[in-house]
Amino acid sequence: MKIRAALFILGIWLMGCKEQNREKPVKALQDKGYTEEYRPQFHFSPPEKWMNDPNGLVYNEGIYHLFYQYYPGDIVWGPMHWGHATSKDLVHWEHKPIALYPDEHGLIFSGSAVVDKHNTSGFGKNGIAPLVAIFTYHSMEGEKAGRDDFQTQGIAYSLDNGATWTKYEGNPVIGNNGIRDFRDPKVFWHEESQKWILTLVAGDHAQFYASKNLKEWEHLSDFGKTQGAHGGVWECPDLFPIQVADTDEEKWILIISINPGAPNGGSGTQYFIGDFNGQKFTSDQQKPKWIDYGTDNYAGVTYNNTPEDKRIFIGWMSNWDYANKTPTQKWRSAMTVPRELALKKVDDDFVLTSYPVEQLDKLASQILAENVLISSRTSDTLLVDGLNQSQIELKTASKDFSLIFKNDLKETLMLEMDSQSNTFVVDRMKSGKVAFDSEFGDKKHLSPISMLNDSIYEVKILLDWSSIEIFMDGGVYVMTEQLFSTEPYNTLIIQNGSEESEIRLESIKYMESVW
Ligand code: FRU
């Protein structure tokens with residue numbers, strides 16, 4: 001086995017001064033705060049306390065809003081508020097005051113936000129188009145009393161681009177006829193019918209509603225009782241049109257999170273490809289398709305009103321199996337990087353691909369390693385300071401290789417592409433702290449790779465202190481996983497088991513902190 005250190009080391013990255021170098025990026029960040037153990041450096045995480053689902057993803061007047069399920073009282077789930085952050089580029093975020101507080105109707109569960117350009121709601125004043133948030137009220141009293149109608153839908157509006165919010169006095173706008181899990185409304189403007197369309201989940205299926213003014217809603221239809229995965233309750237739906245890549249054809253996607261019942265356990269997100277005619281969503285798809293095979297991408301939804309109509313998705317990087325127990329102290333949970341969705345035809349089937357938004361490229365600055373060729377049946381060991389906060393890109397036709405991340409304590413994260421079983425494996429069983437929950441490190445996590453390109457394809461990996469995101473073949477297969485190594489990984493071993501194909505490690509780049 002050859003041992004080769006990182007080839008290009010710029011600036012502070014001097015080969016041979018490993019200990020010293022590893023301290024440097026940390027030191028620079030300490031001055032700004034946001035350097036606690038496991039704190040992601042280019043992912044969104046709340047300044048402190050508990051966070052779960054992304055909510056109200058909407059772009060308005062140059063600002064991307066990110067609201068989120070937030071409990072300001074503790075680092076475990078509790079009475080839900082909408083936390084708030086904004087960004088001009090989807091990369092750098094500014095923390096804002098809490099946007100929505102619980103009120104007499106209940107806690108503020110997940111939902112969406114729209115720009116009411118034509119002031120259909122009448123909330124607009126002096127020509128200002130209101131932002132309208134549509135969310136679920138969860139009445140704790142109702143739940144405690146053993147009733148089934150404790151979740152209803154409410155709205156609030158803002159006339160200062162999300163800075164302050166007023167709840168509608170006519171709330172709730174959709175009542176409940178006795179459905180226990182009745183929540184997570186996602187709304188968009190449907191041009192053809194000149195109506196707002198709302199999708200929510202009702203236990204084991206999705207329901208669609210229409211409105212002219214965001215206040216009065218008419219139930220249109222249902223979908224999904226007998227289709228897709230049903231291992232748990234359906235949550236956080238999202239319905240949107242998308243063009244099939246390189247064609248004029250348009251399809252509709254219905255995203256549904258499910259908990260439990262994901263392919264590798266606990267929470268996961270499935271999607272359906274079909275059509276929507278303004279009344280009904282139809283799909284002949286019986287089996288679930290998964291947006292991500294990792295265990296840590298849940299409750300993800302897409303932005304409304306984006307420039308150039310891009311479909312941008314953000315997920316919560318955790319899993320209800322262990323979300324309340326992960327070993328952070330000051331805050332808990334982060335979001336995935338924003339990902340652009342596309343619908344591609346692969347082998348006569350459609351795949352919804354997801355790939356990091358290109359704005360993130362500007363963070364990938366210093367080159368830690370570049371242009372390393374791993375020929376068939378060889379392996380290479382790279383010592384890379386800064387690996388824990390990096391982007392790794394490789395190109396290969398090999399379907400038999402391993403990427404092994406290690407630290408000085410011999411904690412190991414193993415990724416493996418295996419052509420025999422046609423699977424990609426993430427093994428975090430010995431990756432660091434795993435004992436905080438019995439499910440976290442109990443087994444290997446698998447993704448099928450049957451639709452991977454047979455010729456050269458690319459793999460992009462983002463590592464950010466307590467997470468790894470792996471995008472294969474432009475996002476045809478994706479795995480997102482949390483990790484809690486006791487020390488940063490600083491060694492990458494690439495083993496190429498293929499008889500004929502080489503692996504080209506294009507680069508490992510240090511990702512600048514956005515905080
Ligand atoms: C999904 C979810 C939603 C709900 C919210 C509560 O993670 O369970 O269905 O609205 O979290 O925090």
Out of curiosity, is LYS406 more than 22 Å from the chain's Cα centre (by Cα) and basic (Lys, Arg)? yes
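Just to be sure, is LEU360 among the aliphatic types (A, V, I, L, M) and not in a strand (DSSP E or B)?
Working: among the aliphatic types (A, V, I, L, M): yes; not in a strand (DSSP E or B): yes.
For LEU360, the condition - among the aliphatic types (A, V, I, L, M) and not in a strand (DSSP E or B) - is met.
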Could you please let me know if ILE503 is open to solvent by less than 10 Å² (accessible area, probe 1.4 Å), hydrophobic (A, V, I, L, M, F, W, C), in the same structural domain as GLU370 (by TED's automatic domain parsing) and in contact with a strand residue (DSSP E or B) (Cβ under 8 Å, 6 or more places away or on another chain)? yes
For region 269-285, which positions are away from the ligand (no atom under 16 Å from the Cβ) and of a type in the set (S, T, N, Q)? ASN277, GLN279, THR282, SER283, GLN285
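Right, SER513: within 29 Å of GLU37 (Cα to Cα), open to solvent by 10 Å² or more (accessible area, probe 1.4 Å) and either hydroxyl-bearing (Ser, Thr, Tyr) or in a strand (DSSP E or B) (or both) or not? Before the answer, list the steps.
Details: within 29 Å of GLU37 (Cα to Cα): yes; open to solvent by 10 Å² or more (accessible area, probe 1.4 Å): yes; either hydroxyl-bearing (Ser, Thr, Tyr) or in a strand (DSSP E or B) (or both): yes.
Taking the combined requirement at face value, the residue satisfies it.
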Within the set of pairs 6 or more residues apart or between chains, which connect a residue that is among the β-branched types (Val, Ile, Thr) and open to solvent by less than 10 Å² (accessible area, probe 1.4 Å) inside region 33-58 to a residue that is modelled with pLDDT of 95 or more and within 16 Å of the ligand (Cβ to nearest atom) with Cβ atoms less than 7 Å apart? VAL58/ALA113
Could you tell me whether THR247 is touching an Asp or Glu at 6+ places or on another chain (Cβ under 6 Å) and away from the ligand (no atom under 16 Å from the Cβ)? no
Which ones in region 342-355 are open to solvent by 10 Å² or more (accessible area, probe 1.4 Å) and out of contact with any Asp or Glu (no Cβ under 7 Å at 6 or more places or on another chain)? ALA342, LYS344, LYS345, VAL346, ASP347, ASP348, ASP349, PHE350
Among GLY266, GLY261, which is the only one that is assigned by TED's automatic domain parsing to the domain that holds ALA210, open to solvent by 20 Å² or more (accessible area, probe 1.4 Å) and within 15 Å of the ligand (Cβ to nearest atom)? GLY261
In region 288-334, anything in contact (Cβ under 8 Å) with a residue 40 or more places away in the chain and at positive phi is listed as ALA299, ASN305, SER333
Test: PHE440 is more than 20 Å from GLN270 (Cα to Cα), in contact with a Gly (Cβ under 6 Å, 6 or more places away or on another chain) and modelled with pLDDT of 95 or more: no
Selection within region 477-500 - open to solvent by less than 20 Å² (accessible area, probe 1.4 Å), under 25 Å from the mean Cα position of the chain (by Cα) and either farther than 24 Å from SER376 by Cα or among the β-branched types (Val, Ile, Thr) (or both): VAL478, MET479, THR480, GLU481, GLN482, LEU483, PHE484, SER485, TYR489
For the list (1) farther than 27 Å from GLN194 by Cβ; (2) away from the ligand (no atom under 16 Å from the Cβ), I need the number of the one condition that THR336 fails. (2)
Looking only at residues that are crowded, with 24+ Cβ neighbours inside 10 Å and touching a Lys or Arg at 6+ places or on another chain (Cβ under 7 Å) in region 299-332, which one is farthest from SER87 (Cα to Cα)? VAL301
Regarding region 333-340, can at least one residue be identified that is in contact with a Ser or Thr (Cβ under 8 Å, 6 or more places away or on another chain) and either open to solvent by 50 Å² or more (accessible area, probe 1.4 Å) or more than 21 Å from GLY111 (Cβ to Cβ) (or both)? yes
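The values are calculated or read from the model by the stated rules, or taken from the named source; none is laboratory data. These numbers were taken from a predicted model, which means no experiment stands behind them. Neighbour counts are summed over all protein chains in view; Cβ atoms, including those assigned to glycine, are modelled from backbone coordinates with ideal geometry. Quick note on the areas: whole protein, heavy atoms, side chains included, nothing else; ligands and nucleic acids left out. Shrake-Rupley method; radii C 1.70, N 1.55, O 1.52, S 1.80 Å.
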